[in-house]
Structure formats: C-alpha cells, structure tokens
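Data block below; observations after.
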Amino acid sequence: MSEVLRMRTLLRGFGLIASIALLAACGAQRTPPAHSITRTRTPGQLHANPNDILFRAIGLVGTPYRYGGNTPAGGFDCSGLVDYVFSDVAGIVLPHSSEEISRVDAPAIARDELQSGDIVFFHASAHVSHVGIYVGKGRFVHAPNEGGTVRLDELNAPYWREHYASAKRIIGP
C-alpha cells in the first residue's frame, strides 16, 4: 500500500511541475509569427497592379458596414474589405483580422512613401485595430464602423493621424 501512495505523491509532483511549466509558457511574451500570403493564382496569372487595387476599393465605397462581413452583398468590416479587394483583384488571400494582416510578411512602408494600393494600419491602444487601403493623395478607403458604409477618409484627419500605426505593400514595385 505504501508503494501506491508513494507513486501517487510522485505523480502529483510531476503534475504540479507540468502545470507550473505550462503557466510559465503561457505568460511568456512572444513575438507573433509573421503570416505568409496565400495566393489563389500563380504568378503567371497575376496581372494586378496597385491601380487595380485602388479602383476596386473605390468602387466599393457606399457598401454597408457589417461586422465579420467580407462580400459586397453582405457588407464589410475593415479586414473583410481589404481581404476581399486583394483576393478579388490579385488572388491574394489575407487573414480576416487587422492585427493578423499587420503581421503579413510584406515590406513595411514609411508614411511619406505610401503608394496607391498599400495597406494602412491604425491602433486604438498598443495593438492594430483597424485597416484600410491607401488610394493616393492622402486618402484611404476603409469600412469604419457599425451603421456606416465603406468610405474615403483623409489620413491627416485628426483621428486617423493620431491613430496611424504603419503600412505594408502587398503588390507593387
């Protein structure tokens, strides 16, 4: 009987050690991995250029906002809009989260080097919480909020200037 009790005590000790190790791993700060871009077309089939992205995005202005939405018929949220445009025009499938899109493995672009078709990111705190498509001349297309529609806004408007986080170039030179 004492052998059984000794084994139970030993196993409890291992369980405690495993639990502590698991909790320590969960609490550790890690840099999230970069997301790779999924292409639904081969490079030979890809004829998109940044202007194609720009024209498709502008063509969706006025589409209703819908949380989780990712089609013109059903409406868009911000990441659904960006994913739809890049998938429709270039066969590039992006994650359906602004934070995840911000981690896509693509070149970061300085704000003063933005070109039409670049993806722009905004933060509400320490994390990216909004995404849009730069169309040129200081403007971007995005799906801003519940009850709204896809629209054009100025990057230098006070709110967007204050919350600007970064930009990436998915298509282009």
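Every number here is computed from the coordinates shown, using simple stated rules; none is lab data. Just so it is clear, the structure is predicted and the values come from calculations on it, not from any experiment. Neighbour counts run over all protein chains shown; Cβ positions are idealised from the backbone, glycine included.
Above 23 Å, the calculated P(r) of segment 38-168 contains 23 percent of its Cα-Cα pairs.
Arranged from fewest to most other beta-carbon atoms within 10 Å of their beta carbon, Tyr164, Tyr134 become Tyr164, Tyr134. Sorting 99-111, 74-86 by average packing, meaning the other beta carbons within 10 Å per residue, from highest down gives 74-86, 99-111. A simple count of charges around Ile101, restricted to other residues whose Cβ falls under 14 Å of its Cβ and scoring Lys, Arg +1 and Asp, Glu -1, yields -3.
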